[in-house]
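A.B. asks: Input: one structure, supplied below.
Here, each number is a calculation from the coordinates, and none is a lab measurement. Bear in mind that the values here come from a model prediction, so they are computed numbers and not experimental data. Glycine also receives a Cβ, built like all others from the backbone with ideal geometry; neighbour counts cover every protein chain displayed.
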Amino acid sequence: MEQNINELQELKEQLAALNAKLDKQAEISDSMIRKALGASIGRLQSLGSKKFVFCIVAAVLVVAITLFQGVSPAFIIATALFLGVNSYMGYVLMQKEKDMNASSDLVGTMQKVLDYKKYNRDTTLIMLPVAILWAIWYVYAIGQVLGFTDAKEYMGMAAACLIGGVIGGLIGYFCMYRPSMEEADEIIGQINELTENNQ
């Protein structure tokens with residue numbers, strides 16, 4: 001009888017030690033995931049800052065170039081407005097990225113990431129057709145300055161702009177848009193893993 005009690009007590013102690021070890025491993029796992037989450041948020045924030053700086057530099061350069069090309073004041077003003085709005089959207093995205101925090105409420109952080117993704121996607125879909133309209137106007141404005149008289153000259157300029165636009169668009173997509181969205185998805189996956197571990 002006494003031997004059975006001793007064996008039972010020993011079994012309880014082993015179970016308690018095992019539970020303590022599992023709890024410790026879970027804490028270490030959560031800590032590692034939070035560390036990875038912080039690194040992912042840091043990369044997203046760094047990318048956002050670079051994108052915003054690029055928007056500002058591009059806006060200044062493009063407006064400066066149009067000023068020296070002799071195009072109409074209306075086109076220059078429209079260009080400045082278009083690039084100004086684009087830069088503002090980049091600023092808003094950067095602020096949304098800065099609001100993310102690995103050590104704060106995970107549900108709140110998840111909501112911020114989802115909001116960021118939606119804003120990034122929506123603004124891209126809005127600005128893409130506006131950029132196409134701007135490019136068409138640019139071809140016409142340059143054609144007027146150069147004295148184009150027939151459609152072939154405009155088509156040649158349009159083809160050159162199309163090639164440049166496609167190349168620029170691919171660079172923007174693969175170097176800015178896609179990496180930021182993939183990083184956001186990585187953050188969401190890490191938050192899901194943390195919440196599953198804590199259930």
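A.B. asks: Full extension from TYR173 to ALA151: what is 0.36 nm times the residue separation minus their Cα-Cα distance, to one decimal in nm? Display every interim value, and only then the final one.
C.D. replies: Numbers: separation 22, 0.36 × 22 = 7.92 nm, distance 3.15 nm.
My answer for the length gained is 4.8 nm.
A.B. asks: Quote to one decimal, in nm, the extra length available between GLN111 and ASN192 on full extension: 0.36 nm per residue of separation minus the C-alpha distance between them. Please list the in-between numbers first.
C.D. replies: On the way: separation 81, 0.36 × 81 = 29.16 nm, distance 1.21 nm.
Extending this stretch completely gives an extra 28.0 nm.
A.B. asks: Can you tell me the length gained on complete extension of the stretch ALA160 to ALA39, counting 0.36 nm per residue apart and subtracting the Cα distance? Walk me through the intermediate numbers first.
C.D. replies: Values: separation 121, 0.36 × 121 = 43.56 nm, distance 4.10 nm.
Value of the extension gain: 39.5 nm.
A.B. asks: Given a Förster distance of 25 angstrom, what is the FRET efficiency for LEU133 paired with ALA64, based on the Cβ-Cβ distance and rounded to 0.05? Present the calculation step by step, with values, prior to reporting the outcome.
C.D. replies: Numbers: r = 22 Å, r/R0 = 0.86.
The calculated FRET efficiency here is 0.70.
A.B. asks: Can you list the HN-Hα couplings for the stretch 146-163, worked out from phi with the Karplus curve (6.51, -1.76, 1.60; θ = phi - 60°), rounded to whole Hz and with x for Gly and Pro?
C.D. replies: Karplus values, whole Hz, x for Gly and Pro: 7, x, 4, 10, 9, 5, 4, 5, 5, 5, x, 5, 5, 5, 5, 5, 5, 4.
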